[in-house]
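> Here it is, the structure, as structure tokens.
We did not get these values from a lab; they are worked out from the coordinates using the rules stated. It should be emphasised that the depicted structure is a prediction, and the values quoted were computed from it without experimental measurement. Because the Cβ atoms are built from the backbone with ideal geometry, glycine has one as well, and the counts that use them run over all protein chains shown.
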Amino acid sequence: MSGENTPCHHGGETSEDGSGQYPNETIRLLLERASLRDYSDRPITPEVQQWILTAGLRSATGGNLQPYSILAVQEAGPRETLAELCGQPFMARAPLHLLFLIDWHRMERWARLEQAPFTATSSFRHFWIAFQDVMIAAQNICTAADALGLGSVYIGTVIEFIPTLREMFALPNAVFPVVLLCLGYPKSLPKPRAKLPAEVMVHHERYRDPSDDELVAAFRKKYENIRVEATEERLQTYERVCRGAQGEDFARAALARVREQGHFNAVQRYFGLHYRADEMPRDNDRYLQTVEEFGFGWFRKWESPEDPKQE
Ligand SMILES: Cc1cc2nc3c(=O)[nH]c(=O)nc-3n(C[C@H](O)[C@H](O)[C@H](O)COP(=O)(O)O)c2cc1C
């Protein structure tokens, strides 16, 4: 840790004490972190790329198993295809895409070659921990990239196209896409987004539920700029979503509330118009089927060869 204070690049409003100073560069990077979607043409040299990737591979993993892979995409064609698939054109301008994958294929092969027992693809616990492992590596890569003057943004939309990714990148069984990260140098610096305060997010010794007023105030402060116009079309969609999610009576009351407000606030927009509450849980079966097609069976009852056979 350096003894020198590091200036805040965003005018001090994000530094903990408002002084515009941070105790060191690492804390500055973490507190001023923001997703980057505006990339310059500057290429990423192989050396810089190697530092970033090596930093990711140093991450903690459950049991040090490292059950993940990172697929680097630099060719323009596939980057454009990914941007098109995800409906997010800015992605194509990021010179490096990293696809993060849960990967039990490598370990399965190793176990087979060494005649070790292997059931990891049938275990929820292994899937769950591998998911955590891969995200930890991804976030370390983000921080390493920030430290080298680059920026990044996660793209979660890739989970809509898992079978396509499998074909595009020749993913074997037991290799499952989790998230994509776009990386590049910034054309303009993104401003850190508002976050909920520690009083609401951090609990000391036991879980503390804030009062309704405190909770609503915290969300209002975070989303103070979000007001979506209540057009007739949106109101109709909102009513349909509310009905599909929680029934007729709820829909009537929810709609009256928005009409009274005259606009949609952030939570009404999130679950009523964007991540639609009537649709999100509907796809569960499709996702489970995809997971199964990728060679995982942790949601099925596992049968040991030692278990008594069912008649
Ligand atoms: C798992 C995950 C998926 C995300 N998917 C997308 C995405 O598909 N497109 C996008 O523009 N941003 C995406 N983001 C970035 C978020 O929109 C962003 O983190 C959030 O708005 C907060 O802004 P900040 O990262 O600048 O603090 C994703 C972030 C995460 C962690």
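> I want the local charge near ARG252. Using Cβ-Cβ distances under 14 Å, sum +1 for each Lys or Arg and -1 for each Asp or Glu among the other residues.
Once all neighbours under 14 Å are counted, the net charge is 0.
> In addition: Using all C-alpha to C-alpha distances in segment 26-159, build P(r) with 5 Å bins and read off the rounded percent in each one.
So the P(r) values, bin by bin, are 2, 9, 17, 19, 18, 14, 10, 6, 3, 1.
> Taking every alpha carbon pair in segment 82-187, what does the distance histogram look like in 10 angstrom bins from 0, in percent?
14, 39, 32, 13, 3, 0
> Can you tell me which of TYR223, TYR39, TYR207 moves the most in a GNM of the chain? Springs connect C-alpha atoms under 10 Å apart.
TYR207
> Quick one: dipole size for segment 190-246, taken about the Cα centre, charges +1 on Lys/Arg Cβ and -1 on Asp/Glu Cβ, in debye to the nearest 20.
That gives a dipole near 320 debye.
> How far is the Cα center of segment 152-209 from the Cα center of segment 290-311, in Å?
30 Å
> Which of these, GLU292, GLU160, GLU47, has the largest mean-square fluctuation under a Gaussian network model of the chain (Cα springs below 10 Å)?
GLU47
> Relative to the Cα centre, what is the charge dipole magnitude of segment 95-135, using +1 at the beta carbon of each Lys and Arg, -1 at the beta carbon of each Asp and Glu, and rounding to the nearest 20 debye?
Dipole size: approximately 60 debye.
> Give the dimensionless ratio obtained when the Cα radius of gyration of the chain is divided by 2.2 N^0.38 Å.
Cα Rg divided by the expected 2.2 N^0.38 Å: 1.18.
> In square nanometres, what is one fourth of the surface area of the convex hull spanned by the alpha carbons of segment 186-311?
For segment 186-311, averaging the hull's shadow over all directions gives 16.1 nm².
> Say the dipole of the chain comes from +1 at the beta carbon of Lys and Arg and -1 at that of Asp and Glu; which of TYR275, LEU31, GLN88 then lies farthest toward its positive end?
The Cα lying farthest towards the positive end belongs to GLN88.
> Turning to a different aspect of this structure: Can you sort TRP104, TRP298, TRP128 so the residue with the fewest Cβ neighbours within 10 Å comes first?
With the sparsest Cβ surroundings first, the list reads TRP128, TRP298, TRP104.
> What residue among ALA266, ALA217, ALA198 has the largest mean-square fluctuation in a Gaussian network model of the chain, using Cα springs under 10 Å?
The residue that fluctuates most here is ALA198.
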